[in-house]
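These notes concern the structure reproduced below.
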Amino acid sequence: MSLKTLAPQVLTSSTLRNTVRLWHLLGRRLGGKAATLHAFLEPGEPYSELLVQALPKLQETYGLDVVKHRVGAPEKSAAPEPELLRDWSDLDAQALADVHGLAGVKGVVSDVEGEVEAGTVLRHKLGHYASGMIWFEGEWYWGVDRLVHLERRLGAVRGQALFEPPAETGARTGGSFEMFFSLRSPYSYIALMRVFDLARRWGAEIKLRPVLPMVMRALPVPREKRFYIVRDCAREAERFGLEFGNICDPLGKGVENGLAILVDEINAGRGEVFVQSFMRGVWSEGLDASRPARFYKICKRAGIDWKHAEAVIATQDWREVVETNRQDMFAGGHWGVPSFRVGTRMCFGQDRLWQVGEWLAEEAGQEPA
């Protein structure tokens with residue numbers, strides 16, 4: 001184990017997370033204080049508008065005190081494509097409202113009291129950057145999508161939370177879909193470790209469309225965002241029974257090695273085995289994909305001859321392919337990964353695979369099962 005991989009293991013440790021939770025719980029009880037949830041809400045922001053509707057249900061079910069804070073929009077470094085984000089959020093929030101029985105975007109955050117500046121300062125002080133967020137005793141939860149983690153922390157039985165994530169359809173739909181992803185994205189890791197089994201269940205063909213990571217496209221990722229993402233991915237990985245946290249960031253040469261081989265494997269009709277080997281290696285095994293000895297291990301278990309791999313890595317053919325993928329993703333109205341396209345419709349996030357299944361079923365003229 002190296003210092004490079006030790007830090008993310010500590011950051012994503014369930015032991016550390018549970019210790020922090022216990023510390024806050026004991027402190028609250030010893031101080032005779034009520035359990036207090038802090039919601040950071042941006043007027044007009046679709047996910048904030050949904051979250052504020054969910055708060056009364058949480059308050060009533062779990063006996064919480066709720067404090068609402070008005071906040072401003074995230075800085076551009078945390079949301080680099082604000083116009084695309086806004087267009088997508090309106091559509092996505094309405095889909096979430098439908099599945100969770102909420103009323104949609106109603107403008108109710110505007111009635112929340114408090115100064116935007118004070119709420120924004122507190123949000124930053126507590127270590128976050130986004131809107132539609134909950135802070136509860138040392139931990140952040142984004143929108144209605146992550147309320148399941150909060151509810152389980154508060155005692156909800158698995159499968160019976162108020163805001164359980166939508167189930168993925170079991171229908172055999174046929175059809176095809178595309179997946180845009182980055183080898184440096186932990187959310188892409190979670191999706192890639194699940195999506196092939198789902199595609200087989202659906203009887204659907206999947207087309208892999210790798211893109212360069214945001215940082216390698218000169219788009220900075222703030223520290224608060226990086227920290228939140230890896231912690232959130234740790235919870236999501238646990239939910240799906242995936243190993244996660246022994247991380248060796250492949251940024252730079254590691255990503256380039258991976259993309260060179262992956263594009264070659266995709267062209268040969270063999271993308272699944274290698275991409276899962278790579279993602280498992282860097283996100284759960286701490287393998288440094290920039291080092292030949294470690295990258296050799298990733299290739300070997302994917303059945304790739306090392307001499308062939310060395311020859312492929314020496315080429316730059318993959319660069320044009322991944323740039324074409326990026327342009328195609330942006331043309332579809334999306335900027336982040338993982339994103340999925342079914343026909344002309346696109347969705348964003350490893351937690352939107354249920355929507356991919358529903359769209360495949362619709363295209364096949366079926367009711368999602």
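The values are calculated or read from the model by the stated rules, or taken from the named source; none is laboratory data. These figures come from a predicted structure and were not determined experimentally. Cβ sites come from the backbone with ideal geometry, for glycine too, and all protein chains shown count toward neighbours. Only protein heavy atoms, including side chains, enter the accessible area calculation; ligands, DNA and RNA are left aside. Shrake-Rupley method; radii C 1.70, N 1.55, O 1.52, S 1.80 Å.
For the reader, a short list of remarks on this structure follows.
- Among the residues of region 352-369, the one identified as among the charged types (D, E, K, R) and open to solvent by less than 30 Å² (accessible area, probe 1.4 Å) is 352.
- Criterion applied to 270, 326 was being under 16 Å from residue 208 (Cα atoms), among the charged types (D, E, K, R), open to solvent by 50 Å² or more (accessible area, probe 1.4 Å) and part of a loop (DSSP other than H, G, I, E, B), and the one residue passing it is 270.
- In region 162-174, the residues that are at positive phi form Cβ pairs under 9 Å with partners that are among the aliphatic types (A, V, I, L, M) and buried (at least 19 other Cβ atoms within 10 Å of the Cβ), at six or more places apart or across chains, as follows: 174/204; 174/360.
- Selected residue [touching a residue at least 12 places away in the same chain (Cβ under 8 Å) and closer than 22 Å to residue 133 by Cβ] from 227, 278, 274, 240: 227
- Consider region 225-248 and keep the residues that are open to solvent by 50 Å² or more (accessible area, probe 1.4 Å) and at pLDDT below 95. The one that is nearest to residue 290 (Cα to Cα) is 226.
- When 81, 42, 49 are checked against the criterion of being surrounded by 15 or more Cβ atoms within 10 Å (Cβ to Cβ), modelled with pLDDT under 85 and more than 30 Å from residue 288 (Cα to Cα), a single residue qualifies: 81.
- Residue that is nearest to residue 112 (Cα to Cα), among those in region 52-75 that are open to solvent by 30 Å² or more (accessible area, probe 1.4 Å) and hydrophobic (A, V, I, L, M, F, W, C): 67
- Residue that is surrounded by the fewest Cβ atoms within 10 Å (Cβ to Cβ) [pool: residues in region 337-351 that are on the phi < 0 side of the Ramachandran plot and free of Cβ contacts under 8 Å to residues at least 60 places away in the same chain]: 344
- Residue 104 open to solvent by less than 30 Å² (accessible area, probe 1.4 Å), under 20 Å from the mean Cα position of the chain (by Cα) and among the small types (Gly, Ala, Ser): no
- Residue among 158, 153, 123 that is among the charged types (D, E, K, R) and closer than 24 Å to residue 82 by Cα: 123
- The condition of being open to solvent by 20 Å² or more (accessible area, probe 1.4 Å) and polar (S, T, N, Q) holds for residue 290.
- Single residue of region 255-288 satisfying the filter (of a type in the set (D, E, K, R) and more than 23 Å from residue 6 (Cβ to Cβ)) that is modelled with the lowest pLDDT: 270
- Pairing residues of region 196-216 that are more than 20 Å from residue 331 (Cβ to Cβ) with residues that are among the β-branched types (Val, Ile, Thr) and surrounded by fewer than 19 Cβ atoms within 10 Å (Cβ to Cβ), at Cβ distances under 9 Å and at least 6 apart in sequence or on separate chains, gives 215/221.
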